[in-house]
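Have a look at the structure below before the remarks.
The values are calculated or read from the model by the stated rules, or taken from the named source; none is laboratory data. All values derive from a computational prediction rather than experimental measurement. All Cβ positions, glycine included, derive from the backbone under ideal geometry; neighbour counts span all protein chains shown.
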């Protein structure tokens, strides 16, 4: 289906807009954060849908939470398993975000602040505004194609939805030669949404900044012919297994062997397929954890199955990863075998896969497995090199976008930023954080000032409080989805006879613009003051119909929905009870609608200053970023000087001069007029509420204290080195830590040791501090360079040089640094040996015991939370992890926000991380804090809990049970029986979860929009009583 390209279209857009390339998790996060900063955003995506690779995942580690939910952006309020769904649907409520799917960049001209981006829109052939996703077109399409969403394991039609939860919801046509003559989809489409004559066209966009979030591609396992993918039926990739384990997947979550349909009992995972090899000299960072996740999912589905992971190193380096590893090995019995498998064979009779490997004892072994999973790595996205060339930015030696190590969102071309897996293979939290940092930097470059969103003019809201109910009922046919199972005109007639109903009609498609226009017109023409829509699930379209009511002059909370599609038409098609059930659903909705009340969200002004706690690199970077946006900042540091943990660092692993960077950053912070620096100071008390904090700060250990007000707080309290007594540390002068060694390597007294032994993973509780392996390899190489004849022996559990730091590991081995692994249950022992030392450990390769003489023993010790972190967290109500780090709102999707509104986290206070990662998180936290302050006011949710003080007995049930710590006993109120004090719920903080209302023994609390009388009316209406 070839067409001539149409002429260039130029859109008149101000240069203070931004272009985001790629609509995966990083691109969506960047777009939303830019919109929060008041920036107009063009989000372009080469595929037909948003979500990127995360759209294909069933669950995410380490929480095993579901990834996707067919829900609105309100999903997560009161739900313990928030998903990516808010990212998918956020653009529907954000007029600043213009989404262009099936669109790619053609050229970028101009300079920072004044770019012209030429983009090419490829036809979808289906009008998104008219498609209702009814599926009629798919039902008549004769062409089948491989289904990319299910990793090619199933087939789809040429016209289909890309995935069950695809956004946009519309179908898309992948044209084939037969489509031009077939045209069945065109003929059957009930809304005339399909146009096969659509052509590609170019458009010029004026933008001031560009963010590259082009993502990655999964390594093609067929390139590793020795592993049998594509030849052996029972060898599949991790992504293929993910789709099989998924409920919407090809087998509805049931795991079966492809060869014979049997449940697998023995499952092997082979790591580093397309990573850490001669073609890919880097670690893909996520494969170890997704293998553990999938192994546990396999055993959840099939308790009799046994999983074995073949690996070189288990790289569980992130927050919560060690717990996942221990759970996999302990609860699930997942076996870890340290060996890289070089080839597989198939038993032709059983179709089992034979894995031959070298065991820990050095012997060659062979095991049969029912199923073998290849943990494939991450590569630069398809077309990445061409994209970088068009953008004029440099690529690194691995083909990813090159960025500044100490500003890891900044590319080689001013005005162009990068984030996510476009920069380096990385997990979702790092991608989200880097995207937020890139958005913050781009927004700052574009002016930083928040511009009001462009919203349609709305009529004044009618006051209907004194009016008797005049309810309009709108019954949707939903094409044939409802119409085929129910008598829609009969439902309309039944609705006409209900009390309070002033108007009833049917709509072909209530969710189309024509449906909304009909509702708006009816509200105005018939003076309706309540709206009932009988259609599909309110989770999908309640916001749409509320907006229609508001356009008609009604409060949006005067809308009620009856779900007659998912709850009636679909499950009861052909059943004579369907009509009666639909009528009952409409009766319930009408009865409840008659008692609905207009609701307004409470608001409160936000204090326009910020407090940053911690004066290390993360704290200073956050403070400086906020100050550059015009925010007045108070920076509080416990020590007598700025710099924190970084004062002990000289160089990064790739040679960046930390001291020069730190000196420049310290000077910029100290000299900035918008930053007040308080040294030897500690916050001792937090009063007020989110957006309006009053903080008492003790200074210099004296009794004197100052108070500062803040609308937002950034916690960057840093970390401290663990110095226990293991391995004679503190008892022998030749036992030191890596930080001690780094200081000496950068000083005049260079260690003269000829034989150095380094011991990794020295921690009080088995935690991984993420940076220790990289630090050890960097110091070992520098030590060898300064003393060429010396030997360095590193004893480790797993070398966790993830991402591009794998190059350090390779270089260290090539330079003669020796490595030996030990098991956590049998750690090394350090003993005195005359004036020197010797280190004993089990020899895992040869058996017996290994004894290493040492002139110097260097310990890689853990990074612990800084002193005072627990007290600070308690004062603010911020939870801590089991290890004592500050807990984020969500480990994947909200890694820089605390659970307490207006509080943000960054740096080592959140979890140990490299310097560049701390800087990125600081920039992200500052950007989010600035956007929060720029709102000007805090808005609550209208559907909140309210207290009738006259009924409150002060029992504290609500105070104890609220998951958001909102209710308080207010002594200024009078409770039941004249008692002093009654519960008060802050309307700007209440999340509307309803826990307090459901548990209050005195029935003193009601949840707005779900008051008892409203719920009971719906029940009575449904039962006709």
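I need the full set of residues from region 105-117 which are crowded, with 18+ Cβ neighbours inside 10 Å and closer than 25 Å to residue 173 by Cβ, in order please.
105
Restricting attention to region 463-487, which residues are closer than 21 Å to residue 136 by Cβ, in contact with a strand residue (DSSP E or B) (Cβ under 8 Å, 6 or more places away or on another chain) and surrounded by fewer than 21 Cβ atoms within 10 Å (Cβ to Cβ)?
Hit for region 463-487 is 477, nothing else.
Looking at (1) closer than 22 Å to residue 745 by Cα; (2) in contact with a strand residue (DSSP E or B) (Cβ under 6 Å, 6 or more places away or on another chain), which is the one condition that is false for residue 790?
(2)
Inside region 597-615, can you point out the residues that are crowded, with 24+ Cβ neighbours inside 10 Å and in contact with a helix residue (DSSP H, G or I) (Cβ under 9 Å, 6 or more places away or on another chain)?
610, 612, 613, 614, 615 - these are the residues of region 597-615 that are crowded, with 24+ Cβ neighbours inside 10 Å and in contact with a helix residue (DSSP H, G or I) (Cβ under 9 Å, 6 or more places away or on another chain).
Which count do you get for residues in region 737-759 that are touching a strand residue (DSSP E or B) at 6+ places or on another chain (Cβ under 6 Å), farther than 10 Å from residue 861 by Cβ and at pLDDT 90 or above?
Total satisfying the criteria: 5.
Is it the case that residue 646 is modelled with pLDDT under 95 and part of a loop (DSSP other than H, G, I, E, B)? Give the steps one after another, and end with the answer.
Values: modelled with pLDDT under 95: yes; part of a loop (DSSP other than H, G, I, E, B): no.
It is false that residue 646 is modelled with pLDDT under 95 and part of a loop (DSSP other than H, G, I, E, B).
Among the numbered criteria (1) in a helix (DSSP H, G or I); (2) in the same structural domain as residue 579 (by TED's automatic domain parsing), which one does residue 388 miss?
That leaves (2) as the condition not met.
Examine region 448-471 for a residue that is touching a residue at least 60 places away in the same chain (Cβ under 8 Å), more than 30 Å from residue 97 (Cβ to Cβ) and either under 34 Å from the mean Cα position of the chain (by Cα) or not in a loop (DSSP other than H, G, I, E, B) (or both), and state whether such a residue exists.
Yes - at least one qualifying residue is present in region 448-471.
Pull up region 696-715, narrow it to residues that are in contact with a helix residue (DSSP H, G or I) (Cβ under 9 Å, 6 or more places away or on another chain) and within 20 Å of residue 870 (Cβ to Cβ), then point me to the one that is surrounded by the most Cβ atoms within 10 Å (Cβ to Cβ).
My answer is 714.
Could you count how many residues in region 96-116 are touching a helix residue (DSSP H, G or I) at 6+ places or on another chain (Cβ under 9 Å) and assigned to a strand (DSSP E or B)?
Residues flagged as touching a helix residue (DSSP H, G or I) at 6+ places or on another chain (Cβ under 9 Å) and assigned to a strand (DSSP E or B) within region 96-116 amount to 8.
Which residue is farthest from residue 232 (Cα to Cα), if the candidates are limited to region 330-369 and must be buried (at least 16 other Cβ atoms within 10 Å of the Cβ) and in contact with a helix residue (DSSP H, G or I) (Cβ under 6 Å, 6 or more places away or on another chain)?
Filtering region 330-369 for residues that are buried (at least 16 other Cβ atoms within 10 Å of the Cβ) and in contact with a helix residue (DSSP H, G or I) (Cβ under 6 Å, 6 or more places away or on another chain), the one farthest from residue 232 (Cα to Cα) comes out as 332.
Looking at this structure, is residue 808 over 30 Å from the mean Cα position of the chain (by Cα), in a helix (DSSP H, G or I) and touching a residue at least 60 places away in the same chain (Cβ under 8 Å)?
So residue 808 fails the test.
Would you pick out the residues in region 953-993 that are surrounded by fewer than 17 Cβ atoms within 10 Å (Cβ to Cβ), on the phi > 0 side of the Ramachandran plot and either touching a residue at least 60 places away in the same chain (Cβ under 8 Å) or assigned by TED's automatic domain parsing to the domain that holds residue 691 (or both)?
Of everything in region 953-993, just one residue is surrounded by fewer than 17 Cβ atoms within 10 Å (Cβ to Cβ), on the phi > 0 side of the Ramachandran plot and either touching a residue at least 60 places away in the same chain (Cβ under 8 Å) or assigned by TED's automatic domain parsing to the domain that holds residue 691 (or both), namely 965.
Output yes when any residue across region 669-680 is in contact (Cβ under 8 Å) with a residue 60 or more places away in the chain and either within 34 Å of the chain's Cα centre (by Cα) or not in a strand (DSSP E or B) (or both), and no when none is.
yes
Table: residues versus (1) farther than 20 Å from residue 317 by Cα; (2) free of Cβ contacts under 8 Å to residues at least 40 places away in the same chain.
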position	(1), (2)
242	yes, no
245	yes, no
250	yes, no
256	yes, yes
263	yes, no
270	no, no
275	no, no
283	no, no
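Hey, any hits in region 278-293 for a residue that's closer than 19 Å to residue 774 by Cα and surrounded by fewer than 20 Cβ atoms within 10 Å (Cβ to Cβ)?
Yes, region 278-293 has at least one match.
Mind checking which residues of region 616-637 are buried (at least 21 other Cβ atoms within 10 Å of the Cβ) and in a loop (DSSP other than H, G, I, E, B)?
Of all residues in region 616-637, those buried (at least 21 other Cβ atoms within 10 Å of the Cβ) come to 616-627, 629, 631, 633-637.
Those that are buried (at least 21 other Cβ atoms within 10 Å of the Cβ) and in a loop (DSSP other than H, G, I, E, B): 629, 631, 637.
Mind counting the residues in region 785-803 that are in contact with a helix residue (DSSP H, G or I) (Cβ under 7 Å, 6 or more places away or on another chain) and assigned to a loop (DSSP other than H, G, I, E, B)?
So the answer is 4.
Out of region 289-303, which residues are without any contact (Cβ under 8 Å) to a residue 12 or more places away in the chain and in a helix (DSSP H, G or I)?
Within region 289-303, just 300 meets the criteria.
Within region 653-675, can you find the residues that are crowded, with 18+ Cβ neighbours inside 10 Å and under 30 Å from residue 811 (Cα atoms)?
Listed by number, the residues that qualify are 653, 658, 661, 662.
Just one of 222, 260 is within 28 Å of residue 424 (Cβ to Cβ), more than 25 Å from the chain's Cα centre (by Cα) and surrounded by fewer than 24 Cβ atoms within 10 Å (Cβ to Cβ); which is it?
Result: 222 is the single residue among 222, 260 that is within 28 Å of residue 424 (Cβ to Cβ), more than 25 Å from the chain's Cα centre (by Cα) and surrounded by fewer than 24 Cβ atoms within 10 Å (Cβ to Cβ).
Yes/no per residue for (1) over 30 Å from residue 633 (Cα atoms); (2) outside the structural domain of residue 640 (by TED's automatic domain parsing); (3) part of a loop (DSSP other than H, G, I, E, B):
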site: 695; (1), (2), (3): no, no, no
site: 698; (1), (2), (3): no, no, no
site: 713; (1), (2), (3): no, no, no
site: 732; (1), (2), (3): yes, yes, yes
site: 748; (1), (2), (3): yes, yes, yes
site: 756; (1), (2), (3): yes, yes, no
site: 765; (1), (2), (3): yes, yes, yes
site: 782; (1), (2), (3): yes, yes, no
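Yes or no, residue by residue, for (1) under 27 Å from the mean Cα position of the chain (by Cα); (2) closer than 11 Å to residue 292 by Cα:
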residue: 309; (1), (2): yes, yes
residue: 313; (1), (2): yes, no
residue: 316; (1), (2): yes, yes
residue: 332; (1), (2): yes, yes
residue: 335; (1), (2): no, yes
residue: 340; (1), (2): no, no
residue: 344; (1), (2): no, no
residue: 352; (1), (2): no, no
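Taking into account only those residues within region 742-767 that are over 23 Å from residue 851 (Cα atoms) and in contact (Cβ under 8 Å) with a residue 60 or more places away in the chain, which is surrounded by the most Cβ atoms within 10 Å (Cβ to Cβ)?
767
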